[in-house]
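Just so you know, all these numbers are worked out from the coordinates, no wet-lab data involved. Just so it is clear, the structure is predicted and the values come from calculations on it, not from any experiment. Neighbour counts are summed over all protein chains in view; Cβ atoms, including those assigned to glycine, are modelled from backbone coordinates with ideal geometry.
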Amino acid sequence: MPSSASSRNSDVYEEMHASADFQALRKRYRSFAIPWTIAFFAWYLLYVICSNWAAGFMSTKVVGNINIALIFGILQFFSTFGIAFLYARHANKELDPIASRLEAGYDKEVGR
Amino acid sequence: MNSDITLAISEQTDRLLTGGLFLAVVALTVGITFWASRQNAGTADYYAGGRSFTGAQNGLAVAGDYMSAASFLGISGAIALSGYDGFLYSIGFLVAWLVALLLVAELLRNSGRYTMADQLAYRMRQTPVRTAAAVSTVGVSIFYLLAQMVGAGALVTLLLGVSDESAKNWVIVGVGALMIFYVTVGGMKGTTWVQIVKAVLLMTGTVLITFLVLLEFNFNISDMLGAAVDNTGKPGFLDPGLRYGLSTTSKLDFLSLSLALVLGTAGLPHILIRFYTVPTAQTARKSVLWAIGLIGSFYLMTLVLGFGAAALLDTTSSDSKVVASQGNLASPLLAEAVGGGNGTLGGSVLLALISAVAFATILAVVAGLTLTSASSVAHDIYASVIKKGQVTEKQEVTVARLAAFVIGGVAIALAIPAQKLNIAFLVALAFAVAASANLPSLIYNLFWRGFNTRGAVWSIYGGLISSVGLVIFSPVVSGKVNAVTGESDSLFGLGTDFSWFPLENPGIVSIPIGFLLGYVGSITSREPEAEARYNELEVRALTGAGSERAVIH
């Protein structure tokens, strides 16, 4: 069981939780993940609501047979790719170095 | 007369070719399963494939697990029949991956072990939370499994050109037997490789057909869209509203469906356990990035397939094969058309190829679902709730294999009478249950210290009961009359009407219920141990300190 194996080391975890490194990691993670989640969710809902209740606007033709609805839909794809890319960059640069430092410290402490 | 004979011969060749490729898919996947079964020693091998897959491998497997026949055939079919509104589905299916990437995948990889419940059991009372999570895991997986098996029965018989009911039942039994084989013999390693192969086949087949369709229109998307409007004769074909825009109820229904799609993905148990098959949180992140790339490009291509089918095939007349199959045959028939048409060698080869890809798709998804349910029954119920952890790894794996047999058998037995149910509805229900019963506890557990056992149990059962309950009292089950034919469109016939919930998709009500019950349950009970262990969970989830490692053979 994960619980019984790790409870022996709960002091180590408490110490890590209180460390400045961990508090920085937690803050950097949450300050990216939470606002961006709200942003993409709102952006998606806007798209659904426009498809439902602004069909006239969405049906406006832009180039040839391509209308706003299609462009808006394709933009949802590219915003998803974009946010995924930004998160990967943020995690590689801002999160991974601290996380691996903390993990290495834990391994040393408990002799893993 | 002469052309009739040629046609009959060509149809026979088509069937032989298709049947031959189906057998090739079966032989390939059976071979892989035997090959992968060599290293199935302990629980980490059986449940998590030894946690030794790379990000790219797992990304392909995630995509292979996620893109069901409902995506491949269903979405292109929906676009071919209702134009733009068919496209709306795929956007929800893709955007949902950001929830998995930003909030769930890495934290779950670090804090869990084999099942969705592990992560809750980390700081809560084992028995109640594991029981609740197992019930919901098996529930979601069974709905999804039924959708795939019913689809398999309809599709394979359609593609092989056999029409009687007993053939459909035999296909369901055959698919069920194969999935039991993959899961009992191959475990997670075998299942993963089946999913990887399927993802490669699906992407290759889709790229090929998309290229050939675009070639027909000299790569001018606007021309293709124009041809789709002309060929279908539906003026609003490119605009929103053809399917969902009929009334306020149908608009709300679509909003409700959209919420379930975007919030359900990260709560699907068969997707969640895939994150345990990699060695670190970084590889879990890489898997999701690969999956987003693959799934996103796939859905962009289904846009071409759907509008291409509308432009090139007959999708309106009364003897249209696309209409008769409710859109499911749009992609295979499109492949035949761009390959040279009915009766040509190119057409026959491409039709058989795409049919075999669809078949591989179904096999990979049902295997993943069966493994997920069997893992939860063996690990959560048998090893933790019944035996309180006093089992050897060997006993646990044996129970998992037995559970796969039983669940596979139950799925076969339920799928045969379930053939009357609409496949898209079963998939949508699985997403609604995942979003209402699973996602709230996952998110609360990782982000809120005050969340505890009562909150988790209330949220899981509340989300499950409200989503399934609302569907029972919805027009899906009773009281929906087809305006054209005057016949019943519900599960029950005319005259039986106990519906009072107007929407077919329960998410808009049941998802808030799941979140609310999780909150209320937590603030009305005190559990100092759960709060105290939150620090430990948080450190482990964010840093990976003390998390499960890859198995070294």
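Rounded to the nearest 500, the helix-only mean residue ellipticity at 222 nm of chain B stands at -22000 deg cm²/dmol, with each DSSP H run of n ≥ 4 adding -39,500 (n - 2.57).
Which values, in whole Å and largest first, are the semi-axes of the equivalent ellipsoid of the stretch A:21-110 obtained as the square root of 5 times each eigenvalue of the Cα gyration tensor?
Semi-axis lengths for the stretch A:21-110 are 42, 13, 7 Å.
The shape of the stretch B:150-210 can be summarised by an equivalent ellipsoid whose semi-axes, obtained from the alpha carbon gyration tensor, come to 24, 20, 6 Å from longest to shortest.
How large is the translational diffusion coefficient of the stretch B:426-553 in µm² per second when you combine the Kirkwood radius over alpha carbon pairs with Stokes-Einstein at 37 °C and 0.692 mPa s? Taking Rh from Cα pairs, D becomes 195 µm²/s. Taking the square roots of 5 times each eigenvalue of the Cα gyration tensor of the stretch B:95-152, largest first, gives ellipsoid semi-axes of 24, 19, 8 Å.
The C-alpha atoms of chain B define a longest principal axis, and helix B:165-181 lies at about 40 degrees to it.
Once the Cβ-Cβ distance between A:I74 and B:N218 is put in as r, and R0 is 25 Å, what FRET efficiency do you end up with, to the nearest 0.05?
It comes out at approximately 0.80.
Taking other residues whose beta carbon is less than 11 angstrom from the beta carbon of B:R38, and scoring Lys, Arg as +1 and Asp, Glu as -1, yields 0.
From the cross-link list B:K321/B:K420; B:K286/B:K394; B:K234/B:K420; B:K189/B:K394; A:K108/B:K286, which pairs have alpha carbons spaced over 22 Å apart? Too far apart for the 22 Å limit: B:K286/B:K394; B:K234/B:K420; A:K108/B:K286. Per-residue Karplus couplings for the stretch B:299-307, computed as 6.51 cos²θ - 1.76 cosθ + 1.60 with θ equal to phi - 60°, are listed in order as 5, 5, 5, 4, 4, 5, 4, x, 5 Hz, Gly and Pro entered as x. Summing charges over neighbours of B:V349, with a neighbour being any other residue whose Cβ is under 10 Å away from its Cβ, gives -2 when K and R count +1 and D and E count -1. Taking 0.692 mPa s as the viscosity and 37 °C as the temperature, the Stokes-Einstein diffusion coefficient of the stretch B:271-349 based on its alpha-carbon Kirkwood radius rounds to 217 µm²/s.
Using a cut-off of 15 Å between beta-carbons, work out the net charge of the residues near B:I172 (Lys and Arg +1, Asp and Glu -1, B:I172 not included).
Taking every Cβ under 15 Å from that of B:I172, the sum is 0.
For the Cα trace of the stretch B:2-421, dividing Rg by the Kirkwood Rh returns an Rg/Rh value of 0.98.
The phi-based Karplus calculation (6.51 cos²θ - 1.76 cosθ + 1.60; θ = phi - 60°) puts the 3J(HN,Hα) values of the stretch B:194-210 at 4, 5, 5, 4, 4, 4, 5, 4, 5, 5, 4, x, 5, 4, 4, 5, 4 Hz, whole numbers, x for Gly and Pro. Rounded to the nearest Hz, the phi-derived 3J(HN,Hα) couplings of the stretch B:148-158 under the Karplus curve 6.51 cos²θ - 1.76 cosθ + 1.60 (θ = phi - 60°) are 5, 6, 4, x, 4, x, 5, 5, 5, 5, 5, where x marks glycine and proline.
Taking Cα atoms only, the orientation of helix A:20-53 departs from the longest principal axis of chain A by about 20 degrees. Taking amide H as placed 1.01 Å from N in the peptide plane, the amide H of A:I66 sits under 5 Å from none that are at least 5 places away or on another chain. Hey, for a label at B:I465 modelled as a point 7 Å past Cα toward Cβ, could you say which residues of the stretch B:116-130 have their backbone N under 18 Å away? Counting only backbone N, you get B:128-130.
The mean of 1/r over all pairs of different alpha-carbon atoms in the protein assembly as shown, once inverted, gives a Kirkwood hydrodynamic radius of 25.4 Å.
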